[in-house]
Amino acid sequence: MTDQPAPPPDFDFDEHRTRAVEAYQRVRPLYEDFAEVVRDILQEALRNASIKVASIEARAKTIDSFGAKAAEPTDDDPNQPKYPDPMMQITDLAAARVITFFLATISKVDSIIASQFTIRERTDKSALLLKEEKLGYHSVHYVVELRDNRTELPEYSRYRSLRAEIQLRTVLQHAWAEIEHDIQYKSLETIPVAVRRRFLALAGLLEIADREFQAVQVEDERLRQAARKSVRQGRLQEVEITRDALKAYLDHRLGPDGRITTSAYEFTARMLRHLGFTNFQQIDECLKPYNDDAVSRTLHGSRQGQLTRFEEILMAAMGRNFVDRHMWANTPWWRSWREGRLENMRTKGIKIGSYLPGPRETEAPNGSHESGSAE
């Protein structure tokens with residue numbers, strides 16, 4: 001009888017994991033620092049390129065997570081480790097994640113990553129999932145190293161040859177990824193028939209929502225550009241009152257003022273709508289009789305900021321209508337303060353009008369709304 005060769009001994013996954021964890025524990029502080037460096041490089045590069053993202057996260061892999069991954073078997077042979085050399089083969093010991101608001105931003109961030117790092121691997125999960133007919137979150141994964149010109153600097157030299165993983169996806173793709181961790185279905189074949197249809201519908205809705213958010217952003221930018229163009233060309237009746245359009249109008253009429261914040265323009269646009277204005281033609285008609293510089297110097301002895309000058313000539317043109325229609329009209333201290341400002345204008349020789357926008361405009365005895373410039 002011919003002796004049969006003895007089967008190979010079972011692989012000792014516990015010992016494999018223990019050795020791997022001991023090796024990782026010694027260098028994990030280095031990977032913690034490396035993850036922060038990768039995040040800082042991304043933040044600075046995106047800020048310099050004026051690319052707005054939802055968030056940038058970074059972390060070093062936890063000891064427990066590393067140990068569990070090091071002990072994973074291969075798909076083909078459960079008696080063999082997936083990572084014979086975990087420290088070299090597990091690439092997300094340091095990792096960063098960039099989450100964008102819109103699909104179009106993905107390509108912009110992709111260019112930033114390519115310019116700032118040496119890319120060793122790039123995997124588009126969207127294309128891969130589609131090809132394999134699997135469910136899962138769509139994202140782009142990179143395995144990167146610092147560029148040589150950076151690691152030549154003393155502060156970066158200790159990170160030479162270290163690799164990090166970067167994930168890039170949208171907010172909605174990230175939501176799917178988080179849900180998937182709980183549901184844990186990877187293939188259509190493993191989903192019960194009762195939930196498969198709803199699962200697919202949900203995946204489709206998220207993809208549609210991502211595209212629609214992108215379409216909204218494109219349309220919003222188109223309208224902003226159209227509004228700025230209409231302001232420059234004097235087609236003011238076509239321009240709705242938004243913070244972006246208000247800035248364009250005031251920059252054109254009163255001169256730019258780089259000190260004004262976006263939130264200040266937003267508040268003023270909301271105030272104008274509350275006062276009854278619907279377009280910039282009405283605003284222009286209201287302000288036409290007034291010289292903002294003359295009014296400002298009469299009241300303060302100097303030229304004030306853009307929004308201060310605008311609000312003062314607006315109040316002069318509308319008179320008590322400004323106070324009565326303002327969103328803070330029912331706030332006693334504010335009303336008393338504004339009435340005092342109107343009286344101060346009268347005292348200093350500034351004519352006070354009674355302009356009302358649109359069809360509600362009232363006329364003075366001479367047939368036009370009562371208003372005037374500084375005397």
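Here are a few things to note about the model shown:
- Theoretical FRET efficiency, 1/(1+(r/R0)^6), r = Cβ-Cβ of ALA226 and LEU205, R0 35 Å, to 0.05: 0.70
- Placing dummy labels 7 Å off each Cα toward the beta-carbon, the span from GLU36 to MET88 is 3.0 nm.
- Stokes-Einstein diffusion coefficient of the stretch 22-112, Kirkwood radius over Cα pairs, 4 °C, 1.567 mPa s, in µm²/s: 86 µm²/s
- The stretch 233-304, relative contact order in percent, only Cα pairs under 8 angstrom and at least six apart counted: 39 percent
- Take the Cα of PHE101, step 7 Å toward its Cβ, do the same at THR262, and the gap between the two points is 0.6 nm.
- Sorted fewest first by neighbouring Cβ atoms within 10 angstrom, HIS274, HIS141 come out as HIS274, HIS141.
- Using alpha-carbon coordinates, inclination of helix 13-48 to the longest axis of the chain, degrees: 20 degrees
- Dipole of the chain [Lys/Arg +1, Asp/Glu -1 at C-beta], most positive-end residue of GLY255, ALA227, ALA175: GLY255
- ARG160-ILE119 FRET efficiency (beta carbon distance; Förster radius 22 Å; 0.05 resolution): 0.85
- Helix 306-318 axis versus longest C-alpha principal axis of the chain: approximately 40°, rounded to the nearest ten.
- Modelled this way, with points 7 Å down the Cα-to-C-beta line, the labels at VAL195 and LYS108 are 3.7 nm from one another.
- Rg/Rg_ref, the chain, where Rg_ref = 2.2 N^0.38 Å and atoms are Cα: 1.53
- Taken about its Cα centre, the chain carries a charge dipole of roughly 2000 debye when the Cβ of each Lys and Arg holds +1 and the Cβ of each Asp and Glu holds -1.
- Classified by the C-alpha gyration tensor, the stretch 309-361 has an oblate form. Its axis ratio a/c, with a ≥ b ≥ c, is 1.5 or above, and a/b does not exceed b/c.
- Stokes-Einstein D in µm²/s, Kirkwood radius over Cα pairs - the stretch 254-360 at 25 °C with 0.890 mPa s viscosity: 172 µm²/s
- For the stretch 215-294 and the stretch 86-110, distance of Cα centres in Å: 39 Å
- Furthest towards positive pole of dipole, ALA54, LEU314, PRO81, structure part the chain, Cβ charges: LEU314
- Between TRP337 and GLN217, full extension at 0.36 nm per residue minus the direct alpha carbon distance yields a gain of 39.1 nm.
Taken together, the values in this text are just the output of simple stated rules run on the coordinates, not laboratory data. What you are looking at is a predicted structure, and each value in this text was computed from that prediction instead of being measured. All Cβ positions, glycine included, derive from the backbone under ideal geometry; neighbour counts span all protein chains shown.
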